[in-house]
Amino acid sequence: MHFPMSDMIERIKHNFSDSIQTKINAVDMLLPAISLASEKLLQCLLDGHKIMSCGNGGSACDAMRFSSEMLNRFKHERPSLPAITLTGDIATITSIANDSHYSEIFARQLRALGQPGDLLLAISTSGNSINILNTIKAAQDRNIRTIALTGHDGGKIAAVLGENDIEIRVPSYDIARIQETHLVVLHCLCDIVDYSLFGHEEVAP
């Protein structure tokens, strides 16, 4: 099969342009929610609590990335911050899926590890992932607030979030564009943590 180079280049340019435009469309809409989420995240850490994160597929990778950037560093050296990803323990995830149900793989962990005052970072591009929904409900039972990163129309997650929870919903129906924007949101949260708690700013070139 021959795919003309000119067509390939146009598709690549389209992907870049579409990604940029999605972020431009999202920024003004998402600013209040990201700001509020940043405040809750900072308060959680200042109060000595931890952040638990979860997601499926690419969102699982985002959850793990966020946790690693809290535990290790984002851009600058700083003390480690308490974060746990519920997506990283394969033995636990597969045992829960096998012995109970896949829909419980994160909720069961949260019930064991979560404490009142902790924060749940729940990531779902569709907003309909049943295992994420169950985890949010488990968090509410334990007085744990949720920051939900979603897309589309927010899905079922939008309906179950409480008044103390926050939804950051990317205005797109394209999964790739939603995930790309989720990553920018997560990096915004990491940046605000570094700046607010440790005074880190960009170093001029």
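When the residues of region 79-109 are narrowed to those that are of a type in the set (Gly, Ala, Ser) and in a loop (DSSP other than H, G, I, E, B), which ends up farthest from Met52 (Cα to Cα)? Spell out how you get there, then give the answer.
Residues of region 79-109 that are of a type in the set (Gly, Ala, Ser), as a first pass: 80, 83, 88, 91, 95, 97, 100, 103, 107.
Retained after the next criterion (residues that are in a loop (DSSP other than H, G, I, E, B)): 80, 88, 100.
Values: Ser80: 15, Gly88: 11, Ser100: 21 Å.
Filtering first and then ranking leaves Ser100.
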**Item:** Qualifying residue in region 130-138 (condition: of a type in the set (Val, Ile, Thr), part of a loop (DSSP other than H, G, I, E, B) and open to solvent by less than 10 Å² (accessible area, probe 1.4 Å))
**Value:** no
**Request:** From (1) open to solvent by less than 20 Å² (accessible area, probe 1.4 Å); (2) out of contact with any Phe, Trp or Tyr (no Cβ under 8 Å at 6 or more places or on another chain); (3) among the polar types (S, T, N, Q), pick out the condition that doesn't hold for Thr94.
**Result:** (1)
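For (1) of a type in the set (Phe, Trp, Tyr); (2) farther than 20 Å from His182 by Cβ; (3) in contact with a helix residue (DSSP H, G or I) (Cβ under 8 Å, 6 or more places away or on another chain), each residue gets a yes or a no:
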residue: Phe106; (1), (2), (3): yes, no, yes
residue: Gly114; (1), (2), (3): no, yes, yes
residue: Asn134; (1), (2), (3): no, yes, yes
residue: Lys137; (1), (2), (3): no, yes, yes
residue: Gly155; (1), (2), (3): no, no, no
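Just checking, does region 97-104 include any residue being closer than 21 Å to Ile175 by Cβ, modelled with pLDDT of 95 or more and open to solvent by less than 40 Å² (accessible area, probe 1.4 Å)? Give the derivation first.
Looking only at region 97-104, we keep the residues that are closer than 21 Å to Ile175 by Cβ, and these are 102-103.
Subset that is modelled with pLDDT of 95 or more: 102-103.
Now drop any that are not open to solvent by less than 40 Å² (accessible area, probe 1.4 Å), which leaves 103.
Yes; the residues of region 97-104 include at least one that is closer than 21 Å to Ile175 by Cβ, modelled with pLDDT of 95 or more and open to solvent by less than 40 Å² (accessible area, probe 1.4 Å).
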**Item:** Complete set of residues in region 159-178 that are open to solvent by less than 30 Å² (accessible area, probe 1.4 Å) and of a type in the set (A, V, I, L, M, F, W, C)
**Value:** Ile166, Ile168, Val170, Ile178
**Prompt:** Among the residues of region 139-154, is any open to solvent by 20 Å² or more (accessible area, probe 1.4 Å) and of a type in the set (Gly, Ala, Ser)?
**Reply:** no
**Asked** Which of the residues spanning region 138-184 are closer than 14 Å to Asp118 by Cα and of a type in the set (D, E, K, R)?
**Response** Asp141, Arg142, Arg145, Asp165
**Request:** Collect the residues in region 109-122 that are open to solvent by 10 Å² or more (accessible area, probe 1.4 Å) and in contact with a Ser or Thr (Cβ under 7 Å, 6 or more places away or on another chain), keeping them in residue-number order.
**Result:** Gln109
**Item:** Unmet requirement for Thr125, which otherwise passes all of (1) crowded, with 16+ Cβ neighbours inside 10 Å; (2) part of a helix (DSSP H, G or I)
**Value:** (2)
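Quick grid of which residues meet (1) in a helix (DSSP H, G or I); (2) over 11 Å from Val193 (Cα atoms); (3) open to solvent by 20 Å² or more (accessible area, probe 1.4 Å):
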| site | (1), (2), (3) |
| --- | --- |
| Val27 | yes, yes, yes |
| Ile34 | yes, yes, yes |
| Leu42 | yes, no, yes |
| Gly48 | no, yes, yes |
| Ser59 | yes, yes, no |
| Asp62 | yes, yes, no |
| Glu69 | yes, no, yes |
| Arg73 | no, no, yes |
| Glu77 | no, yes, yes |
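Residues are listed down the side, and each one gets a yes or a no for (1) touching a strand residue (DSSP E or B) at 6+ places or on another chain (Cβ under 7 Å); (2) of a type outside the set (A, V, I, L, M); (3) within 21 Å of Val185 (Cα to Cα):
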position: Phe66; (1), (2), (3): yes, yes, yes
position: Lys75; (1), (2), (3): no, yes, yes
position: Phe106; (1), (2), (3): yes, yes, no
position: Ser126; (1), (2), (3): no, yes, yes
position: Asn131; (1), (2), (3): no, yes, no
position: Lys137; (1), (2), (3): no, yes, no
position: Asn143; (1), (2), (3): no, yes, no
position: Leu149; (1), (2), (3): yes, no, yes
**Complete:** Taking first residues from region 40-61 that are under 14 Å from Gly88 (Cα atoms) and second residues anywhere that are surrounded by 18 or more Cβ atoms within 10 Å (Cβ to Cβ) and among the acidic types (Asp, Glu), the pairs with Cβ under 9 Å that are 6 or more apart or on different chains are Met52/Asp118; Ser53/Asp62; Gly55/Asp62
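The values are calculated or read from the model by the stated rules, or taken from the named source; none is laboratory data. What you see is a predicted model, and the numbers here were worked out from it, not measured in a lab. Don't worry about glycine lacking a Cβ; one is built from the backbone with ideal geometry, like all the others, and counts go over all protein chains shown. Areas reflect the complete protein model, heavy atoms only, side chains present, ligands, DNA and RNA absent. Shrake-Rupley method; radii C 1.70, N 1.55, O 1.52, S 1.80 Å.
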